[in-house]
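Everything on this sheet refers to the single structure shown next.
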Amino acid sequence: MLRNFLAILFLTLCSFSAFSQIVNIESLRATQDSNGFHGVENFNVDYVRNTKELLTLTNNLSLQYKRDKSVYMFLNTFDVSLANDEVLEQNGFFHLRYNYKINTWLTLEALAQYQTNAPLRIQHRFLTGLGPRVTLLKKDRNSVYVGALVLYEYDDEAANDIVHRDARLSSYISYSLQLDKRVEWSTVGYYQPRLDYWEDFRASLQGRLAIKVFKNFAFNSIINLAYDAFPVVDESIPQLTMKWTNGFSYKF
C-alpha cells in the first residue's frame, strides 16, 4: 500500500495542469470514512470549447489521508491538449485542503491552491481560504452538503501587466443520489463573488454520472458550465465556457 502511494505521489508531483477557473473539489473527494490513505484516480478524454475547440487527455488524482476527525487532501491534474493548428499545451493545478470534523453536521475547511491556465490567459492564480462545510442530508441514498469559504486571491493575468488581489466568497451546494448499486448521479454548483464588488463573480454548475464497471473501477460522464463576469482582459476570452468529460476512475 505504501509503495503504491509513493509511486502515485511521485507521478503526481511531476504533472502540471488545470481545467477551469472554478475547480470542482467535490468530484475528487474520497468517500471512505476509515482512517488511513484513500484516493481516486481518473483518466478522462475531454471535449472543451472556450477560445478554441480542443481534445484533451486528462489525468486527475486525489489523495486523502484521514486520521480521526482530521482529513488532509492533495489534488493535482495533468492535461494535454491536442489541436491541429496549435502547439500542445499543459496547464497546472495543485490544491491542498484540511478538514476538521466538529460534529456529525459541521466541518471546518482550510485550503491553499495554485493554478495556471494557458487558454484562459491565467498566468498565476494563488488562493487561500477558510470556512465551514455543513452536512444538510446524509441518509439512505441521498446526501447534500453546503459550504461557504472566504478566499484571498492573487491573480496574475498572462500577456499583460494586470494583477488582482481580491477577497472572494466561495459558496457551494453539492447533491448526490445513489440510483442503485452501480449508478450514481451528483451535481454541484459554485458561486464566487468579490466581497467588495459583487458584480464581479464566477459561477459554475457540474453534473456527473458514474457507472461502476468493476469493484473499484467506474465510468464517468461529466459536464461542466462555468461563467466569469470579468475574465482576463482579452477579447478572445469568453465569459461562458463548457467542458464535457468522459473517462474512467479507480478508487483505492
For region 128-146, state whether one or more residues are surrounded by 18 or more Cβ atoms within 10 Å (Cβ to Cβ) and closer than 30 Å to Glu235 by Cα. no
Criterion: open to solvent by 40 Å² or more (accessible area, probe 1.4 Å) and farther than 19 Å from Val48 by Cα - qualifying residue of Phe248, Phe217: Phe217
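Take the residues of region 220-244 that are of a type in the set (Gly, Ala, Ser), under 20 Å from the mean Cα position of the chain (by Cα) and exposed (fewer than 15 other Cβ atoms within 10 Å of the Cβ): which is nearest to Thr56 (Cα to Cα)?
Ser221
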Restricting the search to region 195-224, which residues are in a loop (DSSP other than H, G, I, E, B) and of a type in the set (A, V, I, L, M, F, W, C)? Leu195, Val213, Phe214
Can you tell me how many residues within region 192-236 are touching a residue at least 60 places away in the same chain (Cβ under 8 Å) and over 26 Å from Val146 (Cβ atoms)? 5
How many residues of region 155-204 are within 17 Å of the chain's Cα centre (by Cα), open to solvent by 20 Å² or more (accessible area, probe 1.4 Å) and aliphatic (A, V, I, L, M)? The answer is 3
Any chance region 149-167 includes a residue that's of a type in the set (Gly, Ala, Ser) and within 20 Å of Val71 (Cβ to Cβ)? no
Selection status of Arg141, modelled with pLDDT of 95 or more and in contact with a strand residue (DSSP E or B) (Cβ under 7 Å, 6 or more places away or on another chain): no
Here are the criteria: (1) surrounded by fewer than 17 Cβ atoms within 10 Å (Cβ to Cβ); (2) touching a strand residue (DSSP E or B) at 6+ places or on another chain (Cβ under 9 Å). Tell me which single one Thr107 does not satisfy. (1)
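Being closer than 17 Å to Pro119 by Cα and assigned to a strand (DSSP E or B) narrows it down to one residue among Tyr227, Tyr250; which is it?
Values: Tyr250 fails: closer than 17 Å to Pro119 by Cα.
One residue alone meets the criteria, Tyr227.
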Report, by residue number, each residue of region 79-97 that is at pLDDT 90 or above and either more than 15 Å from the chain's Cα centre (by Cα) or of a type in the set (D, E, K, R) (or both). Arg97
Is it fair to say Arg121 is open to solvent by 50 Å² or more (accessible area, probe 1.4 Å), under 24 Å from Glu235 (Cβ atoms) and out of contact with any Lys or Arg (no Cβ under 7 Å at 6 or more places or on another chain)? yes
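The values are calculated or read from the model by the stated rules, or taken from the named source; none is laboratory data. Note that this is a predicted model, so its numbers are computed, not measured. When we count neighbours, we look across all protein chains shown, and the Cβ atoms used for this are built from the backbone with ideal geometry, even at glycine. Surface accessibility is based on the protein's heavy atoms, side chains included, excluding ligands, DNA and RNA. Shrake-Rupley method; radii C 1.70, N 1.55, O 1.52, S 1.80 Å.
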